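Worksheet: one structure, shown below.
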Amino acid sequence: MILEPLVLLFIVWHIRKNLRLLSPNTLWDKYLLWAMIGITILFIVEKTLPITMVTNWIWHVLILGVGYLIFRLPVLERMRTTLIAVLPLIIINIIEDLVEIIYLPLYETIENYLDFAFVFALTWMIAMLIRSNKQNKALKTERKKTLAEEERNKFISAQKEKLEVIVAERTAEITKQKDELMHAFTELKNTQSRLIQSEKMASLGELTAGIAHEIQNPLNFVNNFSEVNKELLSEMEEEIENGNLEEVKALAKDIIGNEDKIMLHGKRADNIVKGMLQHSRSSTGKKELTDINALADEYLRLAYHGLRAKDKSFNATLITDFDAALKTVTLVPQDMGRVILNLLTNAFYAVQKKTTEQIEGFEPTVGISTKKNKNTVLITVTDNGNGMPKAVKEKIFQPFFSTKPTGEGTGLGLSMSYDIIKAHGGEIEVTSEESTGTTFIIQLPDAIPNH
């Protein structure tokens, strides 16, 4: 019978195929391969040699062996559908063999029924194996996905480890750079503080001569009127002894007037000293009500007399135009005083330098003015020096940029002034024409006058 060996061969092939799918490269795969070769050889022998009875028993043994093999497979649970498919066929073959051996007449009686059962079992096997094939395809797809996912996870893990190493190295490097930058930043801040303090002291040094000149005038008045009062008091004593009360009253009146003048000039000297101390003192950053006109006038005269103390031959015309509507302005007086002083010092430096060129008809002039413009205050400093070329004008607010010879300037004055004005919420503009002069305009939008 051709059907039985073909069916058996198909079953073994199917089992081997699914086994290779589930557990490739196993010893069971080799066993099933030899079983397929044995079935093929036995089929050829049966068809070429007259030993049908022997081969028939061998077929039965092979069928039982394959059934036993299915039960022994290590992946039995995952091949349950295959087992269910071939089990009826194996059972029918076992029953047929046992009945034929034990009681042949009964076998001949039920042989037709067994053949019908065999056809049913074969149909059942084919249907179940088709279902198994679909399951195995789905399993194969799932396996591929699983393998792909495992490979992906391995790749991701490997890349993650590499990335973690790179991140750790970069983090260490960044931390090191951060520490170095913080150290450099700290050093820079300290250097900046020292340079700013040096700039303050340098401007204070330039003011010293001007302060000495300005404070000398009120001191002279104080000394002179003190001497006059001393003489008047001596005369008063004589008139008191003489009993001349009218003359005593006149002398007392003169003494009181002189004392008022002494107090006035004493306060003037006191204001100059306070201004000097305020300029040298570190800024608190606190805005105060400040008489901007008095502040501007004070620093104009101090800057001028400071320069004249260095160069007795220097003279300049001072022009002031202070808006009377400006009473007190809310600002930081120490900081704004430094700005005004810096601009005025630069203006006097420019006109003095132009004076050395001995230009016919040139009269050095420096001016400062204030103006109330709605809710803003304008402070303007002008000079008729040589002005600045465009290339210089674009750089004047940069730190350490200076047109003065080495040793005469730090290059921080205008940079500090720019920062101070910005801190007040203001703006500073410069217009300059070569051989004509320069004008600085400070606009303080937040410096609102207080009435």
Q | For segment 284-451: Kirkwood Rh in Å [reciprocal of mean 1/r, alpha carbons] | A | 16.4
(Q) Under 5 Å between amide hydrogens, which residues at least 5 positions from Thr290 or on another chain qualify, with H placed 1.01 Å from N in the peptide plane? (A) Val329, Thr330, Leu331
**Q.** Protection proxy ranking, peptides 144-153, 249-258, average beta carbon neighbours within 10 Å, highest first
**A.** 249-258, 144-153
Q: Could you please rank Lys372, Lys267, placing first whichever residue has the fewest other Cβ atoms within 10 Å of its Cβ?
A: Lys267, Lys372
Q | ³J(HN,Hα) computed for each position of segment 230-236 - Karplus, 6.51 cos²θ - 1.76 cosθ + 1.60, integer Hz, glycine/proline x | A | 4, 5, 5, 5, 5, 5, 4
Q | Whole-Hz ³J(HN,Hα) from phi, Karplus 6.51 cos²θ - 1.76 cosθ + 1.60, for segment 317-328, glycine and proline x | A | 8, 9, 10, 10, 8, 9, 6, 5, 6, 7, 9, 10
**Q.** 5 angstrom amide H check on Thr403, placed H, neighbours 5+ away
**A.** none
Q.
Based only on other Cβ atoms within 10 Å, what is the fewest-to-most ordering of Tyr103, Tyr304?
A. Tyr103, Tyr304
Q.
Can you work out the Karplus-derived ³J(HN,Hα) for every residue in segment 253-263? Use 6.51 cos²θ - 1.76 cosθ + 1.60 with θ = phi - 60°, whole Hz, and x for glycine or proline.
A. 5, 5, 5, 4, x, 5, 5, 4, 5, 4, 5
Q) How do 326-332, 379-385, 359-365 rank on mean C-beta neighbours within 10 Å, highest first? A) 379-385, 326-332, 359-365
Q | Proxy reagent accessibility, fewest Cβ within 10 Å first, across Thr320, Thr141 | A | Thr141, Thr320
Q) Which entries of Lys267/Lys371; Lys312/Lys353; Lys287/Lys395; Lys372/Lys395; Lys310/Lys353 show an alpha-carbon separation above 19 angstrom in the structure shown? A) Lys267/Lys371; Lys287/Lys395; Lys372/Lys395
Q: Pull up the cross-link candidates among the aspartates and glutamates for Lys253, meaning alpha carbon to alpha carbon under 20 Å and not fewer than 8 places away within one chain.
A: Glu227, Glu231, Glu235, Glu237, Glu238, Glu239, Glu241
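Quick note: the coordinates plus some simple rules give every number you see, no bench work behind them. Every value quoted in this text rests on a predicted model; they were computed, and no experiment measured them. Cβ coordinates were reconstructed from backbone atoms using ideal geometry, including for glycine residues, and neighbour counts include every protein chain displayed.
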